[in-house]
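The values are calculated or read from the model by the stated rules, or taken from the named source; none is laboratory data. Keep in mind the model is a prediction, meaning the values are calculated, not measured. Here Cβ is always computed from backbone atoms with ideal geometry, including for glycine, and neighbour counts include all displayed protein chains. Ligands, DNA and RNA are excluded from the accessible area calculation, which covers all protein heavy atoms including side chains. Shrake-Rupley method; radii C 1.70, N 1.55, O 1.52, S 1.80 Å.
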Amino acid sequence: MLALLLTVSPAEAARRTVHDTKGDASARLDITRFTVRNTSKRISAVIHVKNLRKTGVFQQRYYDSTFDTLLSYGMQVRRDRKGHLHVHAFRDDENGDNNISCSGVRGHWLIGRNLVTTSMPVRCATGVAFNPLHVYAASFDPGDLGVADSTRSFAVQRN
């Protein structure tokens with residue numbers, strides 16, 4: 001049994017899931033679960049939403065240990081009223097959030113599965129320690145200011 005635990009642990013350490021309270025935001029922006037995978041090449045995330053609809057904004061942030069005290073990076077996926085998907089990576093530093101150009105950034109808005117997925121190459125986020133990587137997710141209503149829902153911050157080891 002111990003041998004089985006030792007062989008499974010490293011693979012599991014690169015992925016972590018947290019659950020979020022259901023019903024604490026409008027259903028289309030209500031994050032229920034957030035899973036992050038942290039590898040040497042890529043950071044991938046899956047945001048489960050109670051009842052995903054046509055519009056909204058979902059964002060996740062990646063940072064070393066304490067949010068908003070150091071350099072951080074993130075991904076944002078926004079779907080506008082016309083159904084166009086806008087995906088970008090950003091850097092948050094002393095000058096605020098700024099979009100960055102980095103090939104290999106991907107995002108998907110899967111209404112039928114109530115999922116928003118993102119994937120960003122690690123090379124897009126220079127200056128951030130990735131072991132462990134600290135993360136959290138948030139949702140926003142495009143017409144309102146402020147966060148609609150957010151998960152707690154958590155650490156994800158790198159495989």
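A single member of Pro121, Pro142, Pro132 is farther than 23 Å from Arg37 by Cα and not small (Gly, Ala, Ser), and it is Pro142.
Output the strands (runs of 3 or more DSSP E) that fall wholly within segment 89-159 and possess 2 or more residues being open to solvent by 40 Å² or more (accessible area, probe 1.4 Å), or say none.
Fully inside segment 89-159 and qualifying: 96-100, 106-110, 133-140.
When you go through Arg42, Arg53 one by one, which is the residue that is under 27 Å from Asn131 (Cα atoms), in contact (Cβ under 8 Å) with a residue 24 or more places away in the chain and in contact with a helix residue (DSSP H, G or I) (Cβ under 9 Å, 6 or more places away or on another chain)? Don't jump to the end; show me each part of the working.
On the way: Arg53 fails: under 27 Å from Asn131 (Cα atoms).
None of the other options fit; the residue is Arg42.
So is Gly83 open to solvent by 30 Å² or more (accessible area, probe 1.4 Å) and either on the phi > 0 side of the Ramachandran plot or in contact with a strand residue (DSSP E or B) (Cβ under 7 Å, 6 or more places away or on another chain) (or both) or not? Criteria not met by Gly83.
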